[in-house]
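Novice: For reference, the structure I am asking about is given below.
The values are calculated or read from the model by the stated rules, or taken from the named source; none is laboratory data. This one's a predicted model, so the numbers in the text were calculated from it and none came from an experiment. Reconstructed Cβ throughout: ideal geometry from the backbone, glycine too, with neighbour counts over all protein chains shown.
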Amino acid sequence: MKNTILSRRIFIVLAFVAFSLGTVPFARAQDAAAGIEQAMTPAEFKAAGLDKLSGAELAKLNAWLQGYREQAEKKAAMRESRVRLQLVVSRIDGAWNGAGYGDIITLEDGTRWKLANKGDRFGGQADRPAVAITKSVFGWKMRVSRIAEFYVEPVK
């Protein structure tokens, strides 16, 4: 009997949590589309003098705020994409038979990289070895799995 009561309570708690989590994105979407009158308390709205605006003026302010939010989201997305570009993880498209200065290495993701330092020569053999490319203050550095590490430049 105690097990069934406990099971029911656990089920109710889990159902409540699942329902709550499902409504969070919906609530956030409503907040993003809401005007300034929903974002502020009535006291803040009045203290800012916004209660004196006409309906048309308030609509213009809300439209400007929506545009500002969209620009901020675009900037954040661009910043995130730049951060993601700081690391490339892929495989060499084909066999690795060594590389020297000026050689172009093509990866399976379609990007192409050229060895950057004169005099560099790296041997070894592998079929489609994994690579990781990171960007540092000194430039792009490619690490070929268990073979070599060297500086590269992206080929456009």
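Novice: Just give me the residues in the stretch 75-117 being modelled with pLDDT of 90 or more and either in a helix (DSSP H, G or I) or at positive phi (or both), in sequence order.
Specialist: GLY94, GLY110
Novice: So if I check each of GLY35, GLY49, which one is over 30 Å from GLU153 (Cα atoms) and touching a helix residue (DSSP H, G or I) at 6+ places or on another chain (Cβ under 6 Å)?
Specialist: GLY35
Novice: Which one of ALA63, ALA72, ALA29 is at pLDDT 90 or above, assigned to a helix (DSSP H, G or I) and not aromatic (Phe, Trp, Tyr)?
Specialist: After applying the criteria, what remains is ALA63.
Novice: Can we say ARG121 is touching a helix residue (DSSP H, G or I) at 6+ places or on another chain (Cβ under 9 Å) and not aliphatic (A, V, I, L, M)?
Specialist: So ARG121 fails the test.
Novice: Using the structure shown, decide if ASP109 is farther than 14 Å from VAL144 by Cβ and touching a Ser or Thr at 6+ places or on another chain (Cβ under 8 Å).
Specialist: In short, yes.
Novice: Take the stretch 131-156 and flag every residue that is among the aliphatic types (A, V, I, L, M) and buried (at least 16 other Cβ atoms within 10 Å of the Cβ).
Specialist: Answer for the stretch 131-156, where residues must be among the aliphatic types (A, V, I, L, M) and buried (at least 16 other Cβ atoms within 10 Å of the Cβ): VAL131, ILE133, MET142, VAL144, ILE147, ALA148, VAL152.
Novice: What is the number of the single condition among (1) outside the structural domain of ILE36 (by TED's automatic domain parsing); (2) in contact (Cβ under 8 Å) with a residue 24 or more places away in the chain that LYS118 does not meet?
Specialist: Going through (1) outside the structural domain of ILE36 (by TED's automatic domain parsing); (2) in contact (Cβ under 8 Å) with a residue 24 or more places away in the chain one by one, LYS118 breaks only (2).
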